[in-house]
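Okay, so here's the structure we're looking at.
The values are calculated or read from the model by the stated rules, or taken from the named source; none is laboratory data. Since the structure is predicted, the reported quantities are computational estimates derived from the model, not experimental observations. Here the Cβ positions follow ideal geometry from the backbone for every residue, glycine too, while neighbour counts run over all protein chains shown. Surface accessibility is based on the protein's heavy atoms, side chains included, excluding ligands, DNA and RNA. Shrake-Rupley method; radii C 1.70, N 1.55, O 1.52, S 1.80 Å.
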Amino acid sequence: MQTFDWIAIGGGITGAAVSYELSKKGFSVLLLEQYATPQNATRYSYGGLAYWSGTTELTRQLCSEGIERHRILSQELEGDTQFRELDQVLTIDAQDDPEQVAAAYGQFAIAPTLLSVAEACKMEPLLNPQAIAGALTLRHGHIQPEMTALAYSQAGIRAGAEMQIDRVVGFLGENQRIIGVTTPTATYYSENVVVCAGGLSRMLLRNAGINVRVYFTQAETIETPPVDLQLSTCVMPAQLKRFQLEADAGDNDALWNSPGYEIVPPILDPGAFQFQDGSIRMGQISRAIADPDAKVDPSRSEADIRAQVAKLLPTVGNLPGTWHHCLVAFSHNRLPIVGKIPGIEGIYLFSGFTNPLVFVPPLAQRFANWISGENDPIIDQLSPVLFHQNEKASSSIGSVNRGGFI
């Protein structure tokens, strides 16, 4: 019976990065991903690296470490992440006061420059001048997220990790300790398990009686094939509604235990990023529904996204493209949850990233160093805390619990 030092659940950028960093430290690692063709948040990410967005000593440090990691990551992983830095335009709605919006950005590590409507449209000629009162601009990082996750996983395999396509449905427990995971067809044994399952992390843990304040949204976007149309910048609203949705939804933990309940109304943030192959991702709609399998109307969602993007970028909103949907993890305080889950030995969480593509590389490296015995005050600040902790998690170990501990 093969036993690994670590099993990482989830083959998106979080799981791929953690498995790579742990393998570099000499641990035997198994990376489990349920889909041969990923359908996760990494796959449908815009690829943006908001390294300018730190507002506290902690987030500014992670942003700084993150952009420095990205600048060398392709060389280190021996795989092209398509890292680049380009201009970002943060549009200000026509009814908003540009000066007030700009003032709100004074808290960030790098303050953007306020543009007039004419200056914004000169920088991004595809903008509709009637839709904006101005814009903010600053440099922004960008990667191809799928290629980055693939580079991480392949580098991990070269470092000794193994990868399997299999769907984790529960944890194997013995004497108040995790000793592996179960899938519909197999059992995998390990000394430790780290849950890097993004939007599915809450369901996996909850089914095992563990209630950590990690949540998820259903995110919807449209992806075009490569097109001749060229965006000069990456375009996003200056006032993203998604962050407020996450804050409001994370304040209602009890409602997340009501399957199918819509915690707060959905929001739509129009924007567009173009990749180096010419494809564009636009949207997105975010829904906070307490069911990872909640059904939505793709036709209605696509029409809504196109209508809002077309107001801002008329020629982009009408491009041919395909609607996509995925789960996006977040926490109750906009900080990732990284570290050991209290009360049970052998289980860790690496999820809940609001700024994942910037934070994951430095935190995966820090996590592996911490596991190897180094003190790390940042990991200590991000460690999981059980919400309304009780005896449920402990009593679940060793019993069948809706696909949880067996």
key: Alpha carbon centroid spacing (whole Å) that separates segment 167-212 from segment 79-115   = 40 Å
ask   = Which peptide among 59-69, 244-254 comes first, and what is the full order, when sorted by highest mean count of other Cβ atoms within 10 Å?
value = 59-69, 244-254
Volume of the Cα convex hull of segment 164-291, divided per residue and given in Å³ = 156 Å³
ask   = Of S190, L229, N207, which is farthest on the positive side of the dipole of segment 148-273, counting Cα position, with +1 on Lys and Arg Cβ, -1 on Asp and Glu Cβ, and the Cα centre as origin?
value = S190
message = If I take the Cα coordinates of segment 115-167 and project them onto the principal axes, what are the three extents in Å, biggest first?
response = 54, 24, 14
ask   = Based on the alpha carbon coordinates of segment 82-136, what radius of gyration and maximum Cα-Cα distance (Dmax) apply, in Å?
value = 11.7, 37
ask   = Taking a 1.4 Å probe, which of V227, V309 shows the most accessible area, and what order do the others take after it?
value = V227, V309
query = Measuring from centroid to centroid over Cα atoms, what is the spacing of segment 1-52 and segment 245-310 in Å?
reply = 24 Å
Simple spin-label estimate for K311 and D97 in nanometres, 7 Å along Cα-Cβ = 2.1 nm
ask   = Within the P(r) computed for segment 52-193, what percentage of the Cα pairs occupies the region above 20 Å?
value = 67 percent
message = Just to confirm the number: angle between the C-alpha axis of helix 13-24 and the first principal axis of the chain, 0 to 90 degrees, nearest 10?
response = 50 degrees
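Out of all Cα-Cα pairs in segment 162-234, roughly what percent, to the nearest whole number, are more than 16 Å apart? Walk me through the numbers before you get to the answer.
Values: 1647 of 2628 pairs.
Summing the P(r) tail past 16 Å for segment 162-234 gives 63 percent.
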key: Cα-based shape type of segment 224-319, given that a ≥ b ≥ c are square roots of the gyration tensor eigenvalues and the cut on a/c is 1.5   = prolate
remark   = Of the candidates I9, P38, S23, the farthest towards the positive dipole end of segment 1-125 (Lys/Arg Cβ +1, Asp/Glu Cβ -1, centred on the Cα centre) is S23
message = Order 361-368, 38-45 from most to least packed using the mean count of other Cβ atoms within 10 Å.
response = 361-368, 38-45
message = Just want to confirm a number: the relative contact order over the chain, from Cα pairs under 8 angstrom separated by 6+ residues, in percent.
response = 22 percent
remark   = Checked segment 16-130 with the C-alpha gyration tensor, a ≥ b ≥ c its square-rooted eigenvalues, rounded below a/c of 1.5, otherwise prolate if a/b is larger than b/c and oblate if not; verdict prolate
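Would you mind telling me the antiparallel percentage of the DSSP bridges in the chain, rounded to 5?
Antiparallel bridges make up about 70 percent of those DSSP assigns within the chain.
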Rg/Rg_globular for segment 269-311, with Rg_globular taken as 2.2 N^0.38 Å and Rg from C-alpha atoms = 1.35
request  = Would you please put 13-23, 271-281, 371-381, 111-121 in order of how densely packed they are, using the mean number of other Cβ atoms within 10 angstrom per residue and starting with the highest?
outcome  = 13-23, 271-281, 111-121, 371-381
ask   = Running Debye on segment 1-65 with equal point scatterers at the Cα sites and no solvent, what base-10 log of I(q)/I(0) appears at q = 0.16, 0.17, 0.21, 0.29 Å⁻¹?
value = -0.72, -0.78, -0.94, -1.09
key: Reachable lysines, given that their alpha-carbon falls under 28 Å from the alpha-carbon of K311 and they are not under 8 places away in the same chain   = K122, K241, K295
query = Can you give the charge dipole size of segment 20-177 about its Cα centre, rounded to the nearest 20 debye, using +1 on the beta carbon of Lys and Arg and -1 on the beta carbon of Asp and Glu?
reply = 420 debye
request  = Among the lysines, select those whose C-alpha is under 24 Å from the C-alpha of K340, and discard any that sit fewer than 8 residues away in the same chain.
outcome  = K24, K25, K392
query = Under a point-charge model restricted to the Cβ atoms of Lys and Arg (+1) and Asp and Glu (-1), what is the dipole moment magnitude of the chain relative to its Cα centre, in debye to the nearest 20?
reply = 420 debye
message = Can I get the semi-axes of the chain's equivalent ellipsoid? Compute them from the C-alpha gyration tensor as square roots of 5 times the eigenvalues, in angstrom, largest first.
response = 36, 22, 20
